[in-house]
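This report refers to the structure that appears directly beneath it.
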C-alpha cells in the first residue's frame, strides 16, 4: 500500500487560488483505505471547496487512480470532466502522475505521498519497503533493514541505539533488535551471520582491464 | 627511521592512540597545538570525521596537516557523508598524501548533528566499506578497474564492548571477517564488562584498543549514561566523582587506574578527552605508560 496523507485544506485552497470549475478524482485503492481519497473524503472535499466559493463540476472515484487508461475512460464515468478547468486528485503521487499524463487540464494533488507501507489491525505502518528492486527480506525475518533502518544497514546494528531504541527515532525499536529477536524466534540466527558485501563484490563484477 | 603504527601493531607494545578533532573553521592552530601536547606519547592520532554529525574541516585535510608536522595519523572515515565513489576517491587521495592508517565506522545520523536536514548517505555500511577497502588494497576499485595497490594501508574499525548485545557482537565479527588490522572501542568505564568482552572475543586475532574518555564531573558521567550509546559508567565510579573535591583530578585518577587494568587485557588505549589533551600526559604518567616513544 502506498502511504499518503492529506495536505492541510488551507494548502489545497492556496494551490487552487486561481482555479475554478474543479473536477475531483479520488482513488478506491490505497487512498480510500487510508481515508484520504475514498467517497466520504471526496464528497467532503467538494463541500469544503464549494463553501470556499469554488465551483465543483463533478467527481469520480476510479478503482485505482494509478491505473486510469485514458481521458475517455474518465469521461465515460462522469462526462462533467469535460467542463473542468482544473482537476484535484485525491490519490498518491503515482495517481496524480498517471492522470496528468492523460489530460492537458492542470492537475493538483490533495495528498502528500510518504512511502510504501501497510495497514494491519487498524494501524497504518509506513516505510516497510524501500522498493530497491532486489528483494532479500527473507534473510531478515521479514523485516527489511533497507526500508526500515534509517541507515539502511544490511550487516547489523549501528552503535547508535540506546536501550533497544533507534538512534534517529527514539520512540521506535531498533530495526536490528527486531530482526535479531525475530530470527531467534524462528531458530534462524544463522541468517544473521551472512556478510553482505557491496553489490559489485556480491555479483563478482570484475572487469580486470 | 622511526617505527610506524603498523610496526607497533605487529609488536608487543602497549599502544596509545588519541583523538584530534578538526576545527570548525579554517584555523588549524588549536588542533595542531593539541597534537603537540602529546607528541611522543601517542603512537598515532585519530582524526575524526564530522564527529557526531557536526560539520567540521575534512579529516583528510587535517590528517595531511598533522602528517606534515611529523605525527602519525589514523584518518577516520564514516559512511554517512560519502557514497562509494567519494569514499574511494578520499581513500586514494589519503594514500597518495602519505596517510597509512584509517578507521572506518557507520557514523552518527545527520539528524543528530548541526545540519539535521542534510541527506544521510549510507551507500555502504561499515562492513561493506571494509570489503571495498580490501579490494582497493589488492589494486582494484569497486567496479573492478585497476587502481594500483595500497599495500601499506592499515585498516581499523570500531566496536561496542557489551558481550550481551548479540547484534553488536555479530557485527563486530563481520568486521573482523571483512578484514581489519585493529579495533578501537567505545569508551570503557566498566572494566568487568570489558574483561567479559575480551573473553568473549578471545578467538579473534585482532589487536583491541580500548577507548577512554576522562571524566570531568559526576554530571558528565550521568549525561553519558543517559545519552551516549554503548557507554556505561558504573555507580561506584559516579559516586567517586560526586565525592571528589577536585573532580578533574579524580577523573584523571580513575582513567589512570583503568589503564593499569586494561594493560593486562588488551593491546592499547585510545584517549578521547572532552576538549583538549591538557591532562593526557598526567593520565599516562600516572598509569605508568608515559614513556616517550623513540
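Nothing in this text is a laboratory measurement; each read-out follows from the coordinates by a stated rule. In this text, all values refer to a predicted model and were calculated from it rather than measured experimentally. For neighbour counting, all protein chains shown are included, and Cβ atoms are generated from backbone atoms with ideal geometry for every residue, glycine included.
Any chance region B:41-55 includes a residue that's in a helix (DSSP H, G or I) and either touching a strand residue (DSSP E or B) at 6+ places or on another chain (Cβ under 6 Å) or within 30 Å of residue A:200 (Cβ to Cβ) (or both)? Scanning region B:41-55, I find at least one residue that is in a helix (DSSP H, G or I) and either touching a strand residue (DSSP E or B) at 6+ places or on another chain (Cβ under 6 Å) or within 30 Å of residue A:200 (Cβ to Cβ) (or both), so the answer is yes. The single condition from (1) facing chain A (nearest Cβ under 9 Å); (2) within 29 Å of residue A:166 (Cβ to Cβ) that residue B:140 fails is (2). So for region B:127-141 (the condition being within 30 Å of residue B:290 (Cα to Cα) and not in a loop (DSSP other than H, G, I, E, B)), does at least one residue qualify? No, region B:127-141 contains no residue that is within 30 Å of residue B:290 (Cα to Cα) and not in a loop (DSSP other than H, G, I, E, B). Of the strands (runs of 3 or more DSSP E) lying entirely inside region A:91-209, those containing at least 3 residues that are more than 9 Å from every other protein chain (Cβ to nearest Cβ) and surrounded by fewer than 16 Cβ atoms within 10 Å (Cβ to Cβ) are A:111-120, A:123-129. Which one of B:65, B:78, B:106 is farther than 22 Å from residue B:182 by Cβ and surrounded by 14 or more Cβ atoms within 10 Å (Cβ to Cβ)? None of the other options fit; the residue is B:65. For region B:255-280, the tally of residues that are closer than 15 Å to residue B:42 by Cβ and under 18 Å from the mean Cα position of the chain (by Cα) stands at 12. Of everything in region B:70-94 that's touching a strand residue (DSSP E or B) at 6+ places or on another chain (Cβ under 9 Å) and in a helix (DSSP H, G or I), which residue is nearest to residue B:44 (Cα to Cα)? For region B:70-94, the residue satisfying everything is B:94. Within region B:62-85, the only residue that satisfies the criterion of being free of Cβ contacts under 8 Å to residues at least 24 places away in the same chain and within 14 Å of chain A (Cβ to nearest Cβ) is B:85.
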